[in-house]
Amino acid sequence: MITLGVLVSGGGTNLQAILDAIASGKLAARVAVVVSNRPGAGGLERAARVGVARVVVDHKACATREAFDAQVVETLRTHGVEWVVLAGFMRIVTPVLLEAYPMRVLNIHPALLPAFPGVDAQRQALEYGVRVTGCTVHFVDTGTDTGPILAQRAVPVLPGDDVDSLRARILVEEHALLTEALGWIAEGRVRVTAGEPGKRATVAVSESRSGL
């Protein structure tokens, strides 16, 4: 079993997918704490409903991004967190967090990276005119959605799609893909190999359980 810390800024539907997968026995994990930079984030209420600790770290009260991340790291460590999941967390993290949890910070992004990084990925896909987009679970590095890819799932762009309809269909796949990828980690099937200087790390998923 792995111990998770989940960072949220909004409604927390990906957090809910994780909590549901744990409750159903599909995911061998425990959410130890949910951290948000926004006091009114819906994800905090989702955590409260199942008795998960929730902590607000107000980014407006922190002088720098690094100071904010230092408080987040302190919170995560206090709760014994092993893996960090960015589930709709709308802040760029700094090396303070990444070095505290090296290659143990995951993000879910609503596009098939490296296509359409950053914000409004669904709008980017529609404006570009692609016929297929999707979602990506990746390890977080210091770039914007540039970390090693763990898993991806394709979603067709349908005639008549707008941002809202495309977002809704991608979100369904995000929920499934994120919990599946976390399951691989919980089973010890994911291995990350550091790259040579100047090159990114590589990720492999084995068919059978093994140590990380």
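Gain in length, Glu74 to Ala115, computed as 0.36 nm per residue apart minus the alpha-carbon separation, to one decimal in nm?
The span from Glu74 to Ala115 would gain 11.4 nm if fully extended.
Hand me the trypsin sites (Lys or Arg not before Pro) from segment 162-206 located in a DSSP loop with no more than 10 other Cβ atoms within 10 Å, in residue order please.
In loop regions of segment 162-206 (DSSP not H, G, I, E or B), the sparsely surrounded trypsin sites (Lys or Arg not before Pro) are Lys199.
May I ask you to list, by number, the DSSP H helices of the chain whose Cα span along the axis is at least 27 Å and whose average Kyte-Doolittle hydropathy reaches -0.5 or more?
In the chain, the long hydrophobic H runs are 163-186.
Just to confirm my numbers, what's the Cα centroid distance between segment 146-207 and segment 120-144 in Å?
Centre-to-centre distance over Cα atoms comes out at 11 Å.
According to a simple spin-label model (label point 7 Å from Cα along Cα-to-Cβ), what is the distance in nm between Thr144 and Arg30?
Roughly 3.8 nm, to one decimal.
Under the 0.36 nm per residue contour assumption, what length would be gained going from the current alpha-carbon distance of Glu99 and Ala61 to full extension?
Contour length minus the Cα-Cα distance gives 11.4 nm.
Non-local amide H neighbours of Thr133 (under 5 Å, H modeled in plane, Pro and chain starts lacking H): which ones?
Those lying under 5 Å, H to H, from Thr133 are Val155, Val157.
In segment 86-102, which residues have a backbone nitrogen under 20 Å from the label point lying 7 Å from Arg167's Cα in the Cα-to-Cβ direction?
86-92
Taking square-rooted eigenvalues a ≥ b ≥ c of the alpha carbon gyration tensor, is the chain rounded, prolate or oblate, where a/c under 1.5 means rounded and, failing that, a/b exceeding b/c means prolate?
Here the chain falls in the rounded category.
As an exercise, identify the trypsin sites (Lys or Arg not before Pro) in segment 43-152 lying in DSSP coil whose Cβ has no more than 12 other Cβ atoms within 10 Å.
The qualifying sites are Arg131.
If I stretch the segment between Val132 and Met1 completely, what's the gain in nm (0.36 nm per residue apart, minus their alpha carbon distance), one decimal?
43.7 nm
Every number in this text was worked out from the coordinates using simple rules, so none of it is lab data. In this text, all values refer to a predicted model and were calculated from it rather than measured experimentally. Reconstructed Cβ throughout: ideal geometry from the backbone, glycine too, with neighbour counts over all protein chains shown.
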